[in-house]
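Visitor: Mind looking over this structure? Questions follow.
The values are calculated or read from the model by the stated rules, or taken from the named source; none is laboratory data. Keep in mind that what you see is a predicted model, and the values were worked out from it rather than measured. Here Cβ is always computed from backbone atoms with ideal geometry, including for glycine, and neighbour counts include all displayed protein chains.
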């Protein structure tokens, strides 16, 4: 990074003192002006001394170079710079740097120098002679001396800035050259490192490709070995499978032969057993047929005898039944006649009894209806009387509630009227108090305004007198300062040359 420009660090510090002295706004006591001027000079001397110390620390100057006198004028400095300027720009910069940056100057020393005092006296005499003024205040003389010293200080600072800028520019060029050299070294080192890295990458890439080929060959060999093992294992498993299959086929054949032999033996045994059973069955069937035939003959005989006995018994029963039926018919006829007579009598009695019960029931129901009707009429009459009593009670309660509500409303209205009257009375009293207070306050304000107007008029008259005096003094001060400005604002050839050189350096950037 480039070093910061010293011209940016060298800043004028005496503007505040001159501005404060110029804009004071009226005459000051001579003692106070002297104290303020000496205080400003001390502050400026301290600031410039600190600036010189900072400069010595930044540029490596020793304290022996700042041992020269601090009381010198701008003319002697410009003469030195002019003499050094004849040897060229580089020589001027070197000599001026040694003569300016190694010295420490003070605004108080410049304002109290003999050259400044002679110049102030000459300006005061010329202003008195031209403007016809009788006296110029001592304060304005000090201000004029400070203005001249300020101008000298500004010239010195400007020259220091220009010289410091030239030194900074030369250092900047050296720093740029050094930076370019470092960049070249970095690029060269970077290229060398990149070449080394590329060679290492190529070596590593070749080594990796060789390792990959070896790994590929190893994988192929391992795959071939694994395939051979797998093939042998598959053949072995296939051989074992065929052997197991052949054994299973032989065992199945043996089982089938043994089963066929067993089946044949079982069939022969079953056939013999079946023949023996058929023979026994034929014998049993023949014996049973003979027995059944004998039994059927015997049954036919017994059936025939039973039929005859049943026939005789049936004929006797028919006769007995016919006789009993005739007797029963006679008895039933007599019984029916008796029952019919008795039933008719009973029916008539029942009808009469039923009619009597119905008549009694109808009479009881009529009596119940009459009693229910009377009870309903009585209940209705009582309910009507109760409702009328309730209505009368409700009407009485409503009248009482309305009367109470009306009384409450009247009481509230009366209280509201009384409250409103009381509030109006209090408000009226407050209004009277406020009006009295405002009237009193208005009179006090009017009296205060009258006193202030009288005081203002008196102050205005005093200010007018003071301003007239101040204007006459200010005119003298103005003419003195204008004369100082006219003499200090002249541009010398050396100053114009340094400014042109500074602008050229700035334009190159």
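Visitor: I'm trying to understand the selection: among the residues of segment 151-162, which are within 11 Å of residue 116 (Cβ to Cβ) and buried (at least 22 other Cβ atoms within 10 Å of the Cβ)?
Guide: The one that is within 11 Å of residue 116 (Cβ to Cβ) and buried (at least 22 other Cβ atoms within 10 Å of the Cβ): 152.
Visitor: Of the residues 239, 205, 172, which single one is surrounded by 10 or more Cβ atoms within 10 Å (Cβ to Cβ) and touching a residue at least 12 places away in the same chain (Cβ under 8 Å)?
Guide: Only one candidate qualifies: 172.
Visitor: Here's something else I'd like to know. Can you tell me which of (1) more than 17 Å from residue 477 (Cα to Cα); (2) modelled with pLDDT of 70 or more is the one residue 105 doesn't meet?
Guide: Of the numbered conditions (1) more than 17 Å from residue 477 (Cα to Cα); (2) modelled with pLDDT of 70 or more, the odd one out for residue 105 is (2).
Visitor: If you take the residues of segment 111-147 that are under 30 Å from residue 501 (Cα atoms) and modelled with pLDDT of 75 or more, which of them is surrounded by the fewest Cβ atoms within 10 Å (Cβ to Cβ)?
Guide: 147
Visitor: Something else now. Which residue out of 166, 174, 190 is at pLDDT 90 or above and over 30 Å from residue 478 (Cβ atoms)?
Guide: 174
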